[in-house]
Amino acid sequence: MDNKVKFNTKNLDLFYGDFQALKSINMEICENEVTAFIGPSGCGKSTFLRCLNRMNDLIDCVDIKGEIIFDGKDINGDIDVINLRTRVGMVFQKPNPFPMSIYDNIAYGPKCQGLKDKAKLDTIVKDSLERAALWDEVKDRLNKSALGLSGGQQQRLCIARTIAMNPEVILMDEPTSALDPIATLKIEDLMQSLKKLYTIIIVTHSMQQAGRISDKTAFFLMGEVIEFNETPKIFTNPDDKRTEDYITGRFG
Amino acid sequence: MTQKIKDTIVKGVVYLATGITLCVLLFIIGFIFIKGIGLINWNFISRDYNDTTFYAFVQESNSPTTLDEKVQENKSDYDKKYETPLEAPVYVESIGAEITKVLYKNYTTEKEQFIISYISKGSPLLSAVNSNGTSIDVSTDFVLESVNGNEFTGMSTEEVKTLINDQSGELKIKMVEPGGGIRSNIITTLYMILLSLVVALPIGIFGAIYLTEYAKPGKIVNAIRFAAECLAGIPSIIFGLFGMAFFVVALNFQISLLSGSLTVAIILLPVIIRSTEEALKTVPIAFREGSLALGATKLQTIFKIILPCAVPGIATAVLLSIGRVIGESAALLLTAGTVAQIPGTLFSPGSTLTVQAYYVTKEEGNIEMACAIGIVIIVIVIILNILSRIASDKLNVFNKE
Amino acid sequence: MEAIKRKKIKEKIIENFFLICAFVAVVSVLAITFFVFYNGLKPFVSNSYPFWNFISGVEWRPGSNMYGIFYMIVGSIFGTLGAILLGVPIAILTAVYIAEMADSRIGKIIRFAVELLAGIPSVLYGVFGLGIIVPYVLKISPMAQGESLLATILVLAIMILPTVVSISETSISAVPKEYREGSYALGASKIQTIFKVVLPAARSGVMTGVILGIGRAIGETMAVMLVCGNPIAGIPTSLFDQIRPLTTNIALEMGYASGVHQELLYSTGVVLFVFIMIINLAVNKLVKTKVGS
């Protein structure tokens, strides 16, 4: 059974000045699945991820061609970026909680959207932390600084912060690369439980991680998508020789 | 071997140079403290620079008829800095105070005068009022000049006592509140700091926000940066000339607190822009990304995340600015004047501490007073230095992670 | 959609407001240049005083309508030059000590001292000059007064110390460790390494410090005013001669001058301004070449 298509990119090219970082990407990403992007460093997988909620806007001299259709609309066209980002949340490589209390970190997004009702905020904070499996660990110190949490807790806080916006899609840019194995495992478990509610797209350096958690996997190389398919197929019987070489560790 | 000797000699020269730098500092600070410390006391801080003459209306009374011997021994010293007693103090019953004839001598004048050397507890002087009926604080060291129109000039202390005791009813005493202090300069300096910061701080901070958060490299940014550098390089006397031509003359603000503070505000701009920019740059990009990815607008990101993180840096900017205003003299000389008074309105002149230090040195040759002002300034500068160190340590928190 | 548009417009308005704030700096520079030049060039344009007499004259007697500033230009240059010759070597060597030779605690103390020196208002340097330097100069001087070129040079040399020390120190500390290690590996001593490798590598930063020091010396007013003597005429020929730099000429008489006299004080400002602009441009160029390399 195929899920509904959430993102559909058509001939997406991206240039950093003269350098072409993405070459004609065509991809359909489906709802309520975990899609993983793998590939060697500098292959464009993070760049592509950042296209999906237009975080590349922050970088000067980026030029994007082609279409990214999100729920029927091209997000590079005339859309409200702020609205897009509330619907497509993002978790970064390094945990980046703001230097404020745990509570304020979660409440930040809703507050920015104009939510002031204290009771509603309380509910959102509790729900988000619960869904991010962090509530039990932090419920007694919601007003303490978020910088006092461990790395793994900080990253789950960042996930909770994203969930608080009630997004449709969560983008994760190597969310576990700065964490130890136990914290990584917790985040991976979390992703499995979150995928029922959200569409998750994850960039990862670890092929094992992609194999463990994702439904579909895309292999990037030199700005191109070499292969995009069901994860088991990619890892057991890839169509392309280069994918096989990468998976088996012959380069990368 | 020769190389070693050479190295030792060069090393010696380096030590010598460092020694000279340190000695110069110690020498300057030492000079200022030794010269000025004699003047530093509460009167110096709390008095105005100029003498103030006024009439005090005192209800004559006979309450404490004689002065308690014990009190006489314990009474506080009067201002010995400039005054030498000429005759023994005499107690005047009708005003409940002791007066002394002294020789007053400072850099510009030398004269004989009668001062109040002690005021007893029940003295009617304590409930004295001025011609408007408002009460005035009469204290020791005030100079008595006349009573009910009878001048004291040339009299002996006993004669003055008799003269005062002979009057009846309400006494109209002409008094002089001695000056020589820097209260008005301190207050003018505070006004100047406050006003110039009110103008320069928002402009500087918002300008820095534009440069770090919005500006794309190009001609506009280059122009702004070049202008800020130029402003930092222009000597303060040129700012003074500009302030005089623009604020004082063209806008007709006169030589005033307003002209002075607006001129100083321009001087502060590059300082504030630069340190705010540095502070904004230390805020990690990850915070900006995190905030934007949550659907916050750029403005929300700036005001809720970036600015709060940059607060210690902005505090440094404020401290640097305060130091700059306190140190500023040439520009203020031309735009705010040298009148040692508390400016009553934005359009009245007033001299800050440094301008006053210049004025007393240049016009009166009173190096002692300049040094005493110098002590006050240096103490403030040291405090500001320490505070800004604390602030910049706070800012470095992000970088250590 | 309407709300989104309004939000966007609000953001745009505020962005432009920030731009305007940033532009205040540019406007200020333009306004300063305009007002000083406008007032300063007036007497020459309207021919109320000939430019040549102004720039080449060696007497400033407002009473008898003589306004020559050549001797002031010479005084300013001599004072600045002397201060640089005396102060810069001391400052650079101090910077070398702090950056390369001092252990961190002593370095911290000296750095604090230098910062403090930078924080002392210029008037106090003048008071110090008048109270200590001028009397000492008088003792060795053949003249009847201690206010002199020499006293000015000494005060200015002290005043440029903190600027040159702190900027040189920063650029010396910024020299990569590899340079030093490379030099040591070739058998050079510490002193040789510092003076033959580290200092040359930090050259452009040190130069920037020196030029900023020149700027400070030439623009200094209040301290100099108390120790230079401010004569009404005469090119200085010895260290004990009094001088009247451009800056003090303005500060001394601006308070009461009027008419052509006042305008010519602005003209003095224009000359000073031109000097400073040349120095600013030099700094700008140096900083750029540093970035380029």
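The values are calculated or read from the model by the stated rules, or taken from the named source; none is laboratory data. Keep in mind that this is a model prediction, so the values were computed, not measured. We place every Cβ from the backbone using ideal geometry, glycine too, and count neighbours over all the protein chains shown.
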For segment C:246-254, does any single residue satisfy the condition of being without any contact (Cβ under 8 Å) to a residue 40 or more places away in the chain and farther than 26 Å from residue C:164 by Cβ?
yes
Just to be sure, is residue B:328 farther than 30 Å from residue C:4 by Cα, in contact with a helix residue (DSSP H, G or I) (Cβ under 8 Å, 6 or more places away or on another chain) and touching a residue at least 24 places away in the same chain (Cβ under 8 Å)?
yes
Restricting to segment A:86-106, what's the tally of residues that are within 14 Å of chain B (Cβ to nearest Cβ), crowded, with 24+ Cβ neighbours inside 10 Å and part of a helix (DSSP H, G or I)?
2
If you scan segment B:298-340, which residues turn out to be assigned to a helix (DSSP H, G or I), at the interface with chain C (Cβ under 10 Å from one of its Cβ atoms) and among the small types (Gly, Ala, Ser)?
B:323, B:327, B:330, B:331
Out of (1) more than 9 Å from chain C (Cβ to nearest Cβ); (2) in contact with a helix residue (DSSP H, G or I) (Cβ under 8 Å, 6 or more places away or on another chain); (3) assigned to a helix (DSSP H, G or I), the odd one out for residue B:286 is which?
(2)
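In this structure, does residue C:243 turn out to be more than 17 Å from the chain's Cα centre (by Cα), surrounded by 19 or more Cβ atoms within 10 Å (Cβ to Cβ) and β-branched (Val, Ile, Thr)? If you could, list the steps in order and put the result at the bottom.
On the way: more than 17 Å from the chain's Cα centre (by Cα): yes; surrounded by 19 or more Cβ atoms within 10 Å (Cβ to Cβ): yes; β-branched (Val, Ile, Thr): yes.
For residue C:243, the condition - more than 17 Å from the chain's Cα centre (by Cα), surrounded by 19 or more Cβ atoms within 10 Å (Cβ to Cβ) and β-branched (Val, Ile, Thr) - is met.
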Report yes if some residue within segment C:255-276 is within 10 Å of chain B (Cβ to nearest Cβ) and touching a Phe, Trp or Tyr at 6+ places or on another chain (Cβ under 7 Å); otherwise report no.
yes
Cβ contacts < 8 Å: first residue touching a residue at least 40 places away in the same chain (Cβ under 8 Å) and part of a helix (DSSP H, G or I), restricted to segment C:151-168; second residue buried (at least 24 other Cβ atoms within 10 Å of the Cβ) and of a type in the set (Asp, Glu), any location; separation 6+ or different chain. Result?
C:156/C:220; C:159/C:220
Has segment C:244-257 got at least one residue that is modelled with pLDDT under 85, in contact with a Cys (Cβ under 8 Å, 6 or more places away or on another chain) and part of a helix (DSSP H, G or I)?
no
Residue C:77 being assigned by TED's automatic domain parsing to the domain that holds residue C:264, surrounded by fewer than 17 Cβ atoms within 10 Å (Cβ to Cβ) and either more than 22 Å from residue C:170 (Cα to Cα) or in contact with a His (Cβ under 8 Å, 6 or more places away or on another chain) (or both):
yes
Can you find, within segment A:226-252, the residue that is modelled with the highest pLDDT among those that are within 15 Å of residue A:40 (Cα to Cα) and assigned to a loop (DSSP other than H, G, I, E, B)?
A:248
Kindly list the number of the only condition in (1) surrounded by fewer than 23 Cβ atoms within 10 Å (Cβ to Cβ); (2) closer than 16 Å to residue B:325 by Cβ that fails for residue B:267.
(1)
Being surrounded by fewer than 17 Cβ atoms within 10 Å (Cβ to Cβ), small (Gly, Ala, Ser) and more than 14 Å from the chain's Cα centre (by Cα) is true for just one of A:44, A:72, A:39, A:66. Which residue is that?
A:72
Among the numbered conditions (1) part of a strand (DSSP E or B); (2) over 23 Å from residue A:222 (Cα atoms), tell me where residue A:67 comes up short.
(2)
For residue B:252, which of the numbered conditions (1) more than 7 Å from every other protein chain (Cβ to nearest Cβ); (2) in a helix (DSSP H, G or I) fails to hold?
(2)
May I ask you to verify whether residue C:200 is without any contact (Cβ under 8 Å) to a residue 40 or more places away in the chain, away from chain B (no Cβ under 14 Å) and not polar (S, T, N, Q)?
yes
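Return yes or no: is residue B:362 charged (D, E, K, R) and either in contact (Cβ under 8 Å) with a residue 40 or more places away in the chain or more than 27 Å from residue C:127 (Cα to Cα) (or both)?
no
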Which listed residue is of a type outside the set (Ser, Thr, Tyr) and either within 30 Å of residue B:331 (Cβ to Cβ) or not in a helix (DSSP H, G or I) (or both), from C:138, C:93, C:116:
C:116
When you go through (1) over 27 Å from the mean Cα position of the chain (by Cα); (2) more than 30 Å from residue B:215 (Cβ to Cβ); (3) surrounded by fewer than 20 Cβ atoms within 10 Å (Cβ to Cβ) one by one for residue C:19, which number turns out not to apply?
(2)
Reported set for segment C:22-44 where residues are over 22 Å from residue B:273 (Cβ atoms), crowded, with 18+ Cβ neighbours inside 10 Å and not hydrophobic (A, V, I, L, M, F, W, C) is C:39, C:40, C:43
Taking the stated definitions as given, is residue B:180 within 23 Å of the chain's Cα centre (by Cα) and at positive phi?
yes
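Quick one: which helices (runs of 4 or more DSSP H) sit completely within segment C:170-230 and have at least 2 residues that are within 12 Å of the chain's Cα centre (by Cα)? Steps first, please.
On the way: elements: C:177-185, C:203-219, C:222-227.
Because the criterion is at least 2 residues that are within 12 Å of the chain's Cα centre (by Cα), the helices (runs of 4 or more DSSP H) in segment C:170-230 that meet it are C:203-219.
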Restricting attention to segment C:188-220, and to residues there that are of a type in the set (S, T, N, Q) and within 19 Å of residue C:87 (Cα to Cα), which single residue is surrounded by the most Cβ atoms within 10 Å (Cβ to Cβ)?
C:208
Looking at (1) without any contact (Cβ under 8 Å) to a residue 60 or more places away in the chain; (2) more than 28 Å from residue B:271 (Cβ to Cβ), can you tell me which one residue C:19 breaks?
(2)
Do the conditions hold for residue A:213, that is, is it touching a Pro at 6+ places or on another chain (Cβ under 8 Å) and either more than 24 Å from residue A:86 (Cα to Cα) or β-branched (Val, Ile, Thr) (or both)?
no
Would segment B:386-398 turn up any residue that is assigned to a helix (DSSP H, G or I), away from chain C (no Cβ under 14 Å) and aromatic (Phe, Trp, Tyr)?
yes
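Output the residues belonging to segment B:32-50 that are surrounded by 15 or more Cβ atoms within 10 Å (Cβ to Cβ) and either more than 10 Å from chain C (Cβ to nearest Cβ) or more than 20 Å from the chain's Cα centre (by Cα) (or both).
Of everything in segment B:32-50, those that are surrounded by 15 or more Cβ atoms within 10 Å (Cβ to Cβ) and either more than 10 Å from chain C (Cβ to nearest Cβ) or more than 20 Å from the chain's Cα centre (by Cα) (or both) turn out to be B:33, B:39, B:40, B:43, B:44, B:47, B:48, B:49, B:50.
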